[in-house]
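Notes to accompany the following structure.
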Amino acid sequence: MESEDDILAQLLQQHDRIRQLLAETLDADGGAKQECFDELRGLLAVHEAAEEMILRPAAKRVAGKDEADARNEEESRAIEVLAELEGLDVHSNEFNARLIAFQQAVEDHTQREEHEEFPAIRARCDIEDRRTMGRRLRMVERMAPTHPHPTTAGSTAAQWAIGPFAALMDRAKDAFRNSGGP
């Protein structure tokens, strides 16, 4: 049984929520569809940035550079598609078609993480290390961007250098939009 502080438990829980939000977004109509997508977009943007900043350096050590680089590359492509989806009308046929393809790509990515990367972390990082990473993950998620930023995706260094500034802008944009702004 993994502790709730365990980074793997947190990421697995997020993977489940991402899967749920993808399905809900595809099934939703009207304003609920935009709300579901906005929650999905925010969760994915934060999740991917935090993985790149906290999980990926450990994965590089225990699963190897090729494994870490492959997951970062997948995340980089996912953030590009997420940015494209963000620019589309959620009620359009193009949005739905692209979201269905994106759903499959996200599922393929999470399966590789869960079956290749996570087992290496579980086997080679003790529970205290995973709890420490889990606490750091939660901290990073509070300062991670809430919108996709393809220029930083896939790079741990770029996430640390630019991510906090992008997050400030994202959170200001979200607050403005939620307050009734255009």
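Here are the numbers for the structure shown:
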quantity	calculated
Selection count, the range 3-49, where residues are free of Cβ contacts under 8 Å to residues at least 24 places away in the same chain and either touching a helix residue (DSSP H, G or I) at 6+ places or on another chain (Cβ under 7 Å) or among the hydroxyl-bearing types (Ser, Thr, Tyr) (or both)	6
Odd one out for Ile100, checked against (1) surrounded by 14 or more Cβ atoms within 10 Å (Cβ to Cβ); (2) touching a helix residue (DSSP H, G or I) at 6+ places or on another chain (Cβ under 8 Å); (3) among the hydrophobic types (A, V, I, L, M, F, W, C)	(1)
Single condition Glu114 does not satisfy, out of (1) modelled with pLDDT of 95 or more; (2) surrounded by 16 or more Cβ atoms within 10 Å (Cβ to Cβ)	(2)
Positions within the range 132-152 being in a loop (DSSP other than H, G, I, E, B) and small (Gly, Ala, Ser), in sequence order	Ala144
Residue in the range 47-68 that is crowded, with 17+ Cβ neighbours inside 10 Å and over 29 Å from Arg135 (Cα atoms) present	no
In the range 1-13, residue farthest from the chain's Cα centre (by Cα) [restricted to those that are in a loop (DSSP other than H, G, I, E, B) and of a type outside the set (Gly, Ala, Ser)]	Met1
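The values are calculated or read from the model by the stated rules, or taken from the named source; none is laboratory data. Since we're looking at a predicted model, the values are computed, not measured. Here Cβ is always computed from backbone atoms with ideal geometry, including for glycine, and neighbour counts include all displayed protein chains.
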